[in-house]
Amino acid sequence: MMKFSLSKKIVLVLLVATIFLSFSFKSKFFEVAKQIEIYNTLYKELNMFYVDEINPAELTTNAIKNTLKNLDPYTNFYNAQDIEDAKIRREGEYGGIGIVVHYSKKGIEISEIYKGFAADKAGLKAGDVIFSVDGQSIQNMENEQLSMFLKGTPNSTFSVEVYRQGKTFQKELIRDKVVVNPVPFSEMIDEETGYLILTRFNEKASSEVKKALRKLKKEGMKKLVFDLRSNPGGSLLESLNICNFFLPKGIVLVSTKAKVEKWSTTYKSKNEPLDTEIPIVVLINDRSASASEIVSGSLQDYDRAVIMGQRSFGKGLVQRYRELAYGTQLKLTTSKYYIPSGRCIQELDYANRSKDGKVPKFSDNGIHKFKTANGRTVLDGGGVLPDVVIKTSKKTEETEKLLKSRAIFNFATNYYYKNQQIKNVADFNFDDVDFKQFTVYLKTDTTFVTKEEALFKIAFKASKMKSISSDYQNIKEKLFDNKVDLISKNKDILKVILKEEILKRYYYQEGLFAHNLKNDVVIKEAVKLLQNQDAYKQILSVK
């Protein structure tokens, strides 16, 4: 039998591979087309024969969002209004009245007032509920509809009807050009130590950080406390610019690895730095995510700063926007990022979600060791672990549920109207007596309900047994007392959050930051470390 030559064997292998790949591609394409056709025919039947009228946009949006919810929480579909809201977050400018809001069936509830803008000038307060705009009721509307009412062209006028503490009133408002400064506060703590807080990575982040750094340097700054606590992230490029302020030109800052080869990129610092010598302590916590983790992680990997606080959130995923039909967009996760030591700080493994919806952690399969530039050991496993950990109590399940509810916000509103004045910014404190008042208030709040309370209420209603109604109140009170006991395990955390929510009611965001500059435990620890340069350098040395 004649033997194939080596070249013929290679050609045969390539031909087989090409046929296989072609078949695989066509098979996958057919499956996608098949599923789309199934949806189209189902939609047609529903539209023609379902007993009630169907809202096409709502039905399609719900179908899309149900499809995406099984991926990761960062892959989202955006309609035209969603796109506008996302653009505002990125650019940091919009025509509005200067408020943060919460949407509900009651209307638009004001969560926070920005000092000096239209809402503040009109005397609106956090806790106010806007239930009508230009004479049109906005109650029982969907969130997508509500988001359209307050934003618009700067200098345009509109009227609102507002509910506050059992009374209603009307206000005329003129929209401002609202500029959200990502660096809302930067001051000197002492003669040599500067403090700078960055709250988000929008398109103004690096320019505002640079401006603040230059201002602080003129005021005598020789050491820096850089606060990234509760910063949810944002622009990757802005985070790279900020890293480059403190790291030399030409070094790797972050790498991304994607399924699409062209989106797998290594990013290096492109510019001359502002300062590679100034001692820095970067503050992070469990709500510091994404771009915050790139900055803190990169500075840690190059031993450029001491990281202090609690382990960060653990978001090592990168998203891109893709244009869809009719002006809609898809923001989808396209890659994972890796900081200079080689670590990916992503905590949750969404690709291996269990059938019951539980998402495992990458650290479940083991934590890996990496080395910083100086040879220090650092770990992956989700988030950036600080060099100096500031210990707090471990949050209970009940505390997590409390923080997701509106109970703390509602208590702060109640507190504000019961206490028209409080101590000045520097001296205000939320002590154990105040915390006790908060727990008493929870008896009247309906937004914080534990799983046990909800199940008991359902069981009691289902039983329809009036004979046990005498015991109902006793069991209800025992469940409440248990709930209070469990959140009280996190009193150290909750007292700080409650104090901050209350301070913003009286002194706005800038008052809160001014208070923290003098009273925040973590900031005090950062200053203490910076004043002890031997201890600072020891942390950054090989152990």
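Inside region 145-190, can you point out the residues that are among the acidic types (Asp, Glu) and farther than 26 Å from residue 511 by Cβ? So that I can check it myself, show each step before the final result.
First, the residues of region 145-190 that are among the acidic types (Asp, Glu): 161, 172, 176, 187, 190.
Across region 145-190, the qualifying residues are 161, 172.
Checking residue 396 against (1) modelled with pLDDT of 90 or more; (2) farther than 26 Å from residue 310 by Cα; (3) β-branched (Val, Ile, Thr), which single condition isn't satisfied?
Of (1) modelled with pLDDT of 90 or more; (2) farther than 26 Å from residue 310 by Cα; (3) β-branched (Val, Ile, Thr), only one is false for residue 396: (2).
Mind checking which residues of region 165-191 are in a loop (DSSP other than H, G, I, E, B), more than 22 Å from the chain's Cα centre (by Cα) and surrounded by 15 or more Cβ atoms within 10 Å (Cβ to Cβ)? It would help to see each step written out before you state the result.
Of region 165-191, the ones in a loop (DSSP other than H, G, I, E, B) are 165-166, 175, 180-184, 189-191.
Within this subset, residues satisfying the condition of being more than 22 Å from the chain's Cα centre (by Cα) are 165-166, 175, 189-191.
If the condition is that a residue be in a loop (DSSP other than H, G, I, E, B), more than 22 Å from the chain's Cα centre (by Cα) and surrounded by 15 or more Cβ atoms within 10 Å (Cβ to Cβ), then 175, 189 are the ones that fit.
Go through region 259-277 and give me each residue that's part of a loop (DSSP other than H, G, I, E, B) and out of contact with any Pro (no Cβ under 9 Å at 6 or more places or on another chain). Let's see the steps before the verdict.
Residues of region 259-277 that are part of a loop (DSSP other than H, G, I, E, B), as a first pass: 259-260, 264-265, 269-277.
Answer for region 259-277, where residues must be part of a loop (DSSP other than H, G, I, E, B) and out of contact with any Pro (no Cβ under 9 Å at 6 or more places or on another chain): 259, 260, 264, 265, 270, 271, 274, 275, 277.
Within region 351-385, can you find the residues that are modelled with pLDDT of 90 or more, outside any loop (DSSP other than H, G, I, E, B) and not charged (D, E, K, R)?
If the condition is that a residue be modelled with pLDDT of 90 or more, outside any loop (DSSP other than H, G, I, E, B) and not charged (D, E, K, R), then 370, 377, 378, 379 are the ones that fit.
Check region 310-323 and report whether any residue there is of a type in the set (Ser, Thr, Tyr), part of a loop (DSSP other than H, G, I, E, B) and modelled with pLDDT under 95. Walk me through it before giving the result.
Going through region 310-323, the residues of a type in the set (Ser, Thr, Tyr) turn out to be 312, 321.
Applying the additional criterion that residues be part of a loop (DSSP other than H, G, I, E, B) yields 312.
Still in the list and also modelled with pLDDT under 95: none.
No, that holds for no residue.
In region 403-457, which residues are among the small types (Gly, Ala, Ser) and either farther than 28 Å from residue 476 by Cβ or in contact with a strand residue (DSSP E or B) (Cβ under 6 Å, 6 or more places away or on another chain) (or both)? Spell out how you get there, then give the answer.
The first filter runs over region 403-457 and keeps only residues among the small types (Gly, Ala, Ser), leaving 405, 407, 412, 426, 454.
Listed by number, the list holds a single entry, 426.
Exactly one of (1) closer than 20 Å to residue 74 by Cα; (2) in contact (Cβ under 8 Å) with a residue 60 or more places away in the chain is unmet by residue 392. Its number?
(1)
Of all residues being at pLDDT 95 or above and in a loop (DSSP other than H, G, I, E, B) in region 516-543, which is nearest to the chain's Cα centre (by Cα)? Just the residue, please.
Selected residue: 520.
Under the condition of being farther than 18 Å from residue 182 by Cβ, surrounded by fewer than 15 Cβ atoms within 10 Å (Cβ to Cβ) and touching a residue at least 12 places away in the same chain (Cβ under 8 Å), which residue from region 269-320 is nearest to the chain's Cα centre (by Cα)?
Result: 320.
As an exercise: evaluate residue 425 against (1) within 25 Å of residue 112 (Cβ to Cβ); (2) aliphatic (A, V, I, L, M); (3) at pLDDT 95 or above and give the number of the one condition it does not meet.
Result: residue 425 fails condition (3) only.
Residues in region 392-406: is at least one under 30 Å from residue 280 (Cα atoms), surrounded by 18 or more Cβ atoms within 10 Å (Cβ to Cβ) and among the basic types (Lys, Arg)? Steps first, answer last, please.
Restricting attention to region 392-406, the residues satisfying the condition of being under 30 Å from residue 280 (Cα atoms) are 392-395.
Within this subset, residues satisfying the condition of being surrounded by 18 or more Cβ atoms within 10 Å (Cβ to Cβ) are none.
The answer is no, given that none of the residues of region 392-406 is under 30 Å from residue 280 (Cα atoms), surrounded by 18 or more Cβ atoms within 10 Å (Cβ to Cβ) and among the basic types (Lys, Arg).
Does residue 158 satisfy the condition of being over 30 Å from residue 230 (Cβ atoms), in contact with a strand residue (DSSP E or B) (Cβ under 9 Å, 6 or more places away or on another chain), free of Cβ contacts under 8 Å to residues at least 24 places away in the same chain and not small (Gly, Ala, Ser)? Write out each step before concluding.
Details: over 30 Å from residue 230 (Cβ atoms): yes; in contact with a strand residue (DSSP E or B) (Cβ under 9 Å, 6 or more places away or on another chain): yes; free of Cβ contacts under 8 Å to residues at least 24 places away in the same chain: no; not small (Gly, Ala, Ser): yes.
Here the answer is no, as residue 158 does not meet what is asked.
If a residue must be free of Cβ contacts under 8 Å to residues at least 60 places away in the same chain and among the β-branched types (Val, Ile, Thr), how many such residues does region 470-493 contain? Write out each step before concluding.
At the first step, the residues of region 470-493 found to be free of Cβ contacts under 8 Å to residues at least 60 places away in the same chain are 470-482, 484-485, 488.
Checking the rest, the ones that are also among the β-branched types (Val, Ile, Thr) come to 475, 484.
Matching residues across region 470-493 total 2.
I'm trying to understand the selection: among the residues of region 226-243, which are in contact with a helix residue (DSSP H, G or I) (Cβ under 6 Å, 6 or more places away or on another chain), closer than 26 Å to residue 529 by Cα and of a type in the set (S, T, N, Q)?
Matches in region 226-243: 231, 239.
Within region 147-167, take every residue that is polar (S, T, N, Q) and within 17 Å of residue 97 (Cα to Cα) and give me the one that is modelled with the lowest pLDDT.
Looking only at region 147-167, we keep the residues that are polar (S, T, N, Q), and these are 147, 153, 155-157, 159, 165.
Still in the running and within 17 Å of residue 97 (Cα to Cα): 147, 153, 155-157, 159.
Values: 147: 74, 153: 83, 155: 89, 156: 90, 157: 93, 159: 95.
In this case the residue turns out to be 147.
For region 98-146, which strands (runs of 3 or more DSSP E) that fit wholly inside it have 2 or more residues that are outside the structural domain of residue 512 (by TED's automatic domain parsing) and at pLDDT 95 or above? First the steps, then the outcome.
Numbers: elements: 99-104, 107-113, 129-133.
Once the strands (runs of 3 or more DSSP E) in region 98-146 are filtered for at least 2 residues that are outside the structural domain of residue 512 (by TED's automatic domain parsing) and at pLDDT 95 or above, what remains is 107-113, 129-133.
Tell me whether region 36-59 contains one or more residues that are at pLDDT below 70, part of a helix (DSSP H, G or I) and surrounded by fewer than 10 Cβ atoms within 10 Å (Cβ to Cβ). Before you say what the answer is, go through the steps one by one.
First, pick out the residues of region 36-59 that are at pLDDT below 70: none.
No, region 36-59 has no match at all.
Which residue out of 115, 121 is under 23 Å from the mean Cα position of the chain (by Cα) and surrounded by fewer than 19 Cβ atoms within 10 Å (Cβ to Cβ)? Spell out how you get there, then give the answer.
Details: 121 fails: under 23 Å from the mean Cα position of the chain (by Cα).
Going through 115, 121 in turn, the sole match is 115.
Pairs under 8 Å by beta carbon, first residue closer than 22 Å to residue 288 by Cβ in region 364-383, partner of a type in the set (S, T, N, Q) and modelled with pLDDT under 90, six or more apart or different chains?
380/363; 381/363; 382/363
Considering each residue of region 343-387, count those that are loosely packed, with under 14 Cβ neighbours inside 10 Å, among the small types (Gly, Ala, Ser) and closer than 27 Å to residue 267 by Cα, and give that number.
Number satisfying all stated conditions: 2.
In the list 144, 112, which residue meets the criterion of being touching a helix residue (DSSP H, G or I) at 6+ places or on another chain (Cβ under 8 Å) and under 28 Å from residue 513 (Cα atoms)?
It is 112.
Among what's in region 53-85 and is out of contact with any strand residue (DSSP E or B) (no Cβ under 8 Å at 6 or more places or on another chain) and β-branched (Val, Ile, Thr), pick the residue that is farthest from residue 319 (Cα to Cα).
Here the residue is 54.
Select from region 228-253 the residues that are touching a residue at least 60 places away in the same chain (Cβ under 8 Å) and closer than 18 Å to residue 276 by Cα and write down the one among them that is surrounded by the fewest Cβ atoms within 10 Å (Cβ to Cβ). Quick ask: steps written out before the conclusion?
Of the residues in region 228-253, the ones touching a residue at least 60 places away in the same chain (Cβ under 8 Å) are 228-229, 231-236, 251-253.
Next cut, closer than 18 Å to residue 276 by Cα only: 251-253.
Details: 251: 14, 252: 16, 253: 27.
It comes out as 251.
The values are calculated or read from the model by the stated rules, or taken from the named source; none is laboratory data. The model shown is predicted, which means the values in this text are computed figures rather than measured ones. Virtual Cβ from ideal backbone geometry, glycine too; neighbours counted across all protein chains shown.
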